Structures are given as structure tokens and as C-alpha cells.
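Engineer: Quick one: the structure is below, and I'll ask about it shortly.
The values are calculated or read from the model by the stated rules, or taken from the named source; none is laboratory data. Because the structure is predicted, anything quoted here is derived from the model rather than measured. Counting neighbours? That spans all protein chains shown, and the Cβs are built from the backbone with ideal geometry, glycine included. The protein model used for the area step is the full one, side chains on, heavy atoms only, and it has no ligands, DNA or RNA in it. Shrake-Rupley method; radii C 1.70, N 1.55, O 1.52, S 1.80 Å.
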Amino acid sequence: MNAVLPMKRRWPQFLAIVIIFIYCAVFLVNPQEWFPNSIQKTIHDAQGMVTRVIRRGVTAIAEGKPARELIIALYFLIAAGIVPLFVARVAGRGLKDLGWRRPNRLALRYFIVALAISAPFLIWMVRSPTIATLYLKQLDHLGFITFAAFYLVNMFTEHLLLHGVVQGLARPDGRWADSAPLPPPGKGLNRFLHWLGLAMPRAHATGQRVSSWLGLAPGCLIPMVFSALLFGMVHLGKDTRELVLAFPGGLAQAYIAYRSNSWFTPFLIHLATASAALAMMAWM
């Protein structure tokens, strides 16, 4: 079967990508100075509207002025969690269609390899003149419990959206595909590649060869790149080194999510690498 779908079957995928891109760009991106003024104003107005509603609600319940970090955490919980899940549910998608699944046995292997590969990049990142100061000051200001809870909520909803909802709705059939089975043990280099779930038998259909070698179902490559692009976008405004690593890191996490059969795997990897980076900042 040819992997190139006819246009009449592709338009729902393109429409989903456009809608998701606009939504993320408006509600989850920090507008930069090089954005046109009209776009900056649109984004600020939209984000400000949601923030004001949250602030009023929290103030009414708690009868006090809510902390800035609480407002931001609730904002992400709503914008990156509740709203996308609600829309996906209205579209007839269940949690399993959005990658809310039990990870397969590749997950632990990816976790170990990802930590090893990311170590030198984490060291390079935390040596930035500004990044350590930013996070350590925030940790000192908030205290460990509040700091950890704040970033746990942000990272959980970020992965739920970008590696769960997006990678489901942006596929041609609008839902996650089942992960490919593991290949049998090989010899030499193939033994290691098979251990990672790579070097699967290649499909003969044009356009499926890369996907099949990676152990992915047809239609996963475009959502992976799209998810990585959004992952980079939501890191706009971060330290330059963190921003530089966002797209390749997001692409690797998008692949790991599909291949390990769950978006929880990249979430746990990100949580571990972020914790390691914070420990490096404190130690260095």
C-alpha cells in the first residue's frame, strides 16, 4: 500500500495541524520583540484574558492575592491540559488515542540511553552565564516544594499536549498508532540497534522505508516534526542554550513517545534531565 495518502484523506490532518499551531502560538508562546506588534498584542491580549479569569477565580476562593507562580501553573494546566483534552474528547478521542498508555519495555532502555547522551549537553547548558542564576534564584525565592510543584505541573501538561494530544490528532487518522513489535536479536551493530527498537524490516512502499526502519507506523514522521517545532516554540524567551536544544530534544522525545508507546516516557526523561541540570547548577 502506498504511504502517500490522497488529498481528500490528508485534509483533516492538515486542518488539525493548522488549528493546533494557531492555538499553541496564541496561548503558549512568549511573544518576542521581533514579532510584529500586531501579533504581540494579539498574543498578550489572549493570554491576559485567561490569566485575569484565573486570578479572579483564585482570589474569590482563597480570599487573598494569589502568587504569580500559582497563576502560571493554573494557566498551563488549563491551556495545555484541560482545554486540549476536552477538544480531543469532543472529537471522539479517548485517552489511549492520545498516547495515555502503559510504556513498553523500550521505555527503560530509552531512559538510560537518553540520560547518557544528554549529559554533555546538560553540562554545556548549565554553564550558560544566565541560566543557573535564573533557576537558582527562583528556587531560593519559592522554596523547594513550591518550585518542584510548579515545574512538575508545567512539564506534565507540556508533554501531555505536545507528545500526547498533538502526536495523536496530527496523525492522518487523528489518533496514536500501536507501536511496532521489537525485532529479533541481531549480530554486531544490529544487536544494539535492535535493542533500541531500530533497524526494523523495511517496507517496500515508497515513503514508508524510514518510518518502518525506525519502528514507526506510517504517518508518524510529520507529527513528530510538528511536535518538535511546537516544543521549540514554547521555549521562546528561555536562555539561548536551552532554546537551541529545544528542537532536537523535542524531536528525540517525540520519537521516544511513539516508539515506547506512551507520552509518559519523554515526560519522565525530561523530569530526570531537568533534575540533573538543577543539581549541576547547585554544585557548579
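Engineer: Among the residues in the stretch 106-114, are any surrounded by 15 or more Cβ atoms within 10 Å (Cβ to Cβ) and part of a loop (DSSP other than H, G, I, E, B)?
Structural biologist: No - not one qualifying residue is present in the stretch 106-114.
Engineer: Please identify the pairs in which a residue from the stretch 128-142 that is in contact (Cβ under 8 Å) with a residue 12 or more places away in the chain has its Cβ atom under 6 Å from the Cβ atom of a residue that is in a loop (DSSP other than H, G, I, E, B), counting only partners at least 6 apart or on another chain.
Structural biologist: If the second residue must be in a loop (DSSP other than H, G, I, E, B), the pairs left are 128/239; 130/239; 131/239.
Engineer: A further question on this structure: State the number of residues belonging to the stretch 88-105 that are without any contact (Cβ under 8 Å) to a residue 12 or more places away in the chain and either under 28 Å from residue 146 (Cα atoms) or open to solvent by 70 Å² or more (accessible area, probe 1.4 Å) (or both). First the steps, then the outcome.
Structural biologist: Within the stretch 88-105, the subset without any contact (Cβ under 8 Å) to a residue 12 or more places away in the chain is 89-90, 92, 94-95.
In the following step, the residues that additionally are either under 28 Å from residue 146 (Cα atoms) or open to solvent by 70 Å² or more (accessible area, probe 1.4 Å) (or both) were identified as 89-90, 95.
So the count comes out to 3.
Engineer: In the stretch 230-284, what residues are within 30 Å of residue 194 (Cα to Cα) and hydroxyl-bearing (Ser, Thr, Tyr)?
Structural biologist: Hits for the stretch 230-284 are 255, 258, 260, 262, 265, 273, 275.
Engineer: Only one residue in 22, 71 is open to solvent by 80 Å² or more (accessible area, probe 1.4 Å) and at pLDDT 90 or above. Which one? Let's see the steps before the verdict.
Structural biologist: Working: 71 fails: open to solvent by 80 Å² or more (accessible area, probe 1.4 Å).
The unique qualifying residue is 22.
Engineer: Under 16 Å from residue 257 (Cβ atoms) and not aromatic (Phe, Trp, Tyr): which single residue out of 67, 60, 80 fits that description? Walk me through it before giving the result.
Structural biologist: Values: 67 fails: under 16 Å from residue 257 (Cβ atoms); 60 fails: under 16 Å from residue 257 (Cβ atoms).
Result: 80 is the single residue among 67, 60, 80 that is under 16 Å from residue 257 (Cβ atoms) and not aromatic (Phe, Trp, Tyr).
Engineer: Filter the stretch 229-246 down to the residues that are closer than 18 Å to residue 80 by Cα and hydrophobic (A, V, I, L, M, F, W, C), then identify the one that is most open to solvent (accessible area, probe 1.4 Å).
Structural biologist: Only one residue fits best here, namely 229.
Engineer: Has the stretch 196-218 got at least one residue that is outside any helix (DSSP H, G or I) and modelled with pLDDT of 95 or more? Before you say what the answer is, go through the steps one by one.
Structural biologist: Kept after step one, since they are outside any helix (DSSP H, G or I), are these residues of the stretch 196-218: 196-208, 215-218.
This time we only want the ones that are modelled with pLDDT of 95 or more, so: none.
Scanning the stretch 196-218 turns up no residue that is outside any helix (DSSP H, G or I) and modelled with pLDDT of 95 or more.
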